[in-house]
Amino acid sequence: MKIVSTITEVRAQVGEWKKAGNTVGFVPTMGYLHEGHMSLIDAAGENDKVVVSIFVNPMQFGPNEDLASYPRDLEHDAALCEAHGVDLIFHPTPEEMYGENFYSYVDMNVLTQELCGLSRPVHFRGVCTVVAKLFNIVTSDKAYFGQKDAQQLAVIKRMVKDLNMPLTVIGCPIVREEDGLAKSSRNTYLSAEERKAALVLSRSIFLGRQMVEEGEQDCKKIIAAMREEIEKEPLAKIDYVKIVNLDTVQQIDKISGDVLAAIAVYIGKTRLIDNFICEQQGV
Ligand code: AMP
């Protein structure tokens, strides 16, 4: 496995692989890897070569967010990648990615104007821009994203479709801790007490999913039950609990078609997200 930090090195290596007829899978991450990331890397193993990027992208963090404190551990990440058969890690500096003068952005309407886009106004512009750049640099056949960040997955799929980017985006299921908490690099921010409190997220998600599976179609009722579950926990503060159409990320009143139920909740100072997806209900 190689670890490189320049765009030139990535292009040279991937160019060589492609010339030899290899397919390439790509997993973009911000590092501090856990089993959620590894599930994407394992899925990318269906390609001949696997590239992982590790880049804490300043552009997708708002001014009062956790860019400076975001956890980083390249040595640990490299060992995990090596063990899972990754061929190349791309670990650029912000200067390598954005240089001194950077003026071009990929922006998106509609899909980014709900859920996390409301509380994190610059987030998706940063995500789309960096992912578009990474796609142009790595030129993989496929790229793998987690449903943990369901809105991000919907946004990336739409960007690839709208801008005719020549690759396939593959969504992979949420990987959870044994007690239900969705794995996240940000879970390391939680104290022992907060870690316990954070279980309200998955409890609320499982409750909502069960209601849908049992035939409840009224989104208001489902959201009310999910909110009630979260409000039982004194350390939890709701950012949002919403049900949207999975493709448009617009709120809906009745469960129908492909549906995303998504929540964002502060546990102390840490903002965590979780969701469930129901495909083709009631059609
Ligand atoms: P991040 O490093 O947090 O930007 O995440 C990189 C990729 O890993 C994104 O596509 C995430 O959706 C995915 N990911 C993060 N956590 C999980 C998880 N618990 N299960 C599945 N995928 C995940």
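Extension gain, Thr23-Tyr240: 0.36 nm per intervening residue step, less the Cα-Cα distance, totals 74.1 nm. Using R0 = 25 Å, the C-beta based FRET efficiency linking Phe102 and Lys2 works out to 0.40.
About its Cα centre, the dipole of segment 132-283 is roughly 520 debye, where the only charges are +1 on Lys and Arg Cβ and -1 on Asp and Glu Cβ. For the pair Val110 and Lys232, what calculated FRET efficiency results from E = 1/(1 + (r/R0)^6), where r is the Cβ-Cβ distance and R0 = 45 Å, to the nearest 0.05? That pair, Lys232 with Val110, gives E of 0.85. All C-alpha pair distances within segment 65-217, sorted into 10 Å bins from zero, spread as 8, 28, 39, 21, 4, 0 percent across the bins.
For segment 1-78, the extents of the C-alpha atoms along the principal axes are 46, 28, 21 Å, listed from largest to smallest.
Between the helical axis of 219-231 and the longest alpha-carbon principal axis of the chain there is an angle of about 90 degrees. Hey, what angle do you get for helix 74-83 against the long axis of the chain, alpha-carbon based, 0 to 90 degrees rounded to 10? So the helix axis and the longest Cα principal axis differ by about 80 degrees. Farthest toward the positive end of the dipole of segment 160-283, out of Leu260, Gln210, Leu235, is the Cα of Leu235, where the dipole comes from beta carbon charges about the Cα centre. When the chain is treated as a GNM with alpha-carbon contacts under 10 Å, the residue of Ser104, Ser184, Ser140 showing the greatest mean-square fluctuation is Ser104. A simple charge model with +1 on the Cβ of Lys and Arg, -1 on the Cβ of Asp and Glu and nothing else charged puts the dipole of the chain at about 440 debye relative to its Cα centre.
If only the Cβ of Lys and Arg carry +1 and only the Cβ of Asp and Glu carry -1, the dipole of segment 85-150 around its Cα centre is close to 220 debye.
Here the relative contact order of segment 151-258, from alpha carbon pairs under 8 Å that lie six or more residues apart, stands at 21 percent.
Packing, taken as the mean count of other beta carbons within 10 Å per residue, orders the peptides 50-61, 73-84 from highest to lowest as 50-61, 73-84. Expressed as a whole percent, the accessible area of segment 1-143 that falls on carbon and sulfur atoms is 50 (1.4 Å probe).
What net charge is computed for the residues neighbouring Lys18, neighbours being all others with C-beta under 12 Å from the C-beta of Lys18, Lys and Arg scored +1, Asp and Glu -1? Intermediate values should be presented prior to the final figure.
Working: positive: Arg11, Lys19, Lys49; negative: Glu16, Asp48, Asp141.
Net of charged neighbours comes to 0.
Based on the reciprocal of the average 1/r between different C-alpha atoms, the Kirkwood radius for segment 108-155 equals 11.5 Å.
Considering only Asn164, Ala197, Tyr144, and ranking their Cα positions along the charge dipole of segment 143-198 that arises from unit charges at the beta-carbon of Lys, Arg, Asp and Glu, the one farthest toward the positive end is Asn164.
Between 0 and 90 degrees, rounded to the nearest ten: what's the tilt of helix 7-19 against the longest Cα principal axis of the chain? With rounding to tens, the tilt is 80 degrees. Ellipsoid fit via the Cα gyration tensor, segment 64-125: semi-axes of 28, 17, 14 Å, each the root of five times an eigenvalue, largest first. Decide, for segment 146-257, between rounded, prolate and oblate: order the square roots of the alpha carbon gyration tensor eigenvalues as a ≥ b ≥ c, take rounded if a/c falls under 1.5, and otherwise choose prolate if a/b is larger than b/c, else oblate. Because a/c hits 1.5 or more and a/b fails to exceed b/c, segment 146-257 counts as oblate.
The residues of segment 224-283 have, on average, 47 Å² of accessible surface per residue, using a 1.4 Å probe with all protein chains present.
What FRET efficiency comes out for the pair Glu216/Asp141, r = Cβ-Cβ distance, R0 = 35 Å, nearest 0.05? My answer for the efficiency is 0.30.
Highest mobility in the GNM of the chain, judged by mean-square fluctuation with C-alpha springs under 10 Å and restricted to Ala262, Ala192, Ala225, is found for Ala192. In the calculated pair-distance distribution of the chain, the portion above 28 angstrom amounts to 37 percent of the Cα-Cα pairs. In percent, rounded to a whole number, the relative contact order of the chain is 17, using alpha-carbon pairs under 8 Å and six or more apart.
Largest GNM mean-square fluctuation across Thr139, Thr29, Thr93, computed for the chain with C-alpha springs under 10 Å, falls on Thr93. What accessible surface, in Å², does a 1.4 Å probe find on Tyr266, ignoring ligands, DNA and RNA and rounding to the nearest 10? Here the accessible area works out near 70 Å².
The values are calculated or read from the model by the stated rules, or taken from the named source; none is laboratory data. Predicted, not measured: the structure shown is a model, and the values here were computed from it. Virtual Cβ from ideal backbone geometry, glycine too; neighbours counted across all protein chains shown. Quick note on the areas: whole protein, heavy atoms, side chains included, nothing else; ligands and nucleic acids left out. Shrake-Rupley method; radii C 1.70, N 1.55, O 1.52, S 1.80 Å.
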